[in-house]
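What follows draws every value from the coordinates through simple rules; no lab data is involved. The model shown is predicted, which means the values in this text are computed figures rather than measured ones. All Cβ positions, glycine included, derive from the backbone under ideal geometry; neighbour counts span all protein chains shown.
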Amino acid sequence: MGLTLFLGNIYYAWMGLRLAKKEGRAAVCALPSGPSVPHMFIVVFVIMLPSLARPATR
């Protein structure tokens, strides 16, 4: 995951530089890649899915 995050951030930085050169301005924003997407898979499939599969107790 660490290597993927690093490579993703390098790619987004490269895209930001290309956009800055194309539009002739220095203030551009490139969306950084972060661990939030893998975290959401963990939340959905490890936490929420088992709680949905378990019958509710009263």
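So if each residue of separation counts as 0.36 nm, and I subtract the Cα-Cα distance between Ala20 and Met48, what length gain in nm does that give? Intermediate values should be presented prior to the final figure.
Values: separation 28, 0.36 × 28 = 10.08 nm, distance 4.12 nm.
Full extension of this stretch gives 6.0 nm more.
In this label model, Ile10 and Met40 are separated by 2.6 nm, measuring between points 7 Å along each Cα→Cβ vector.
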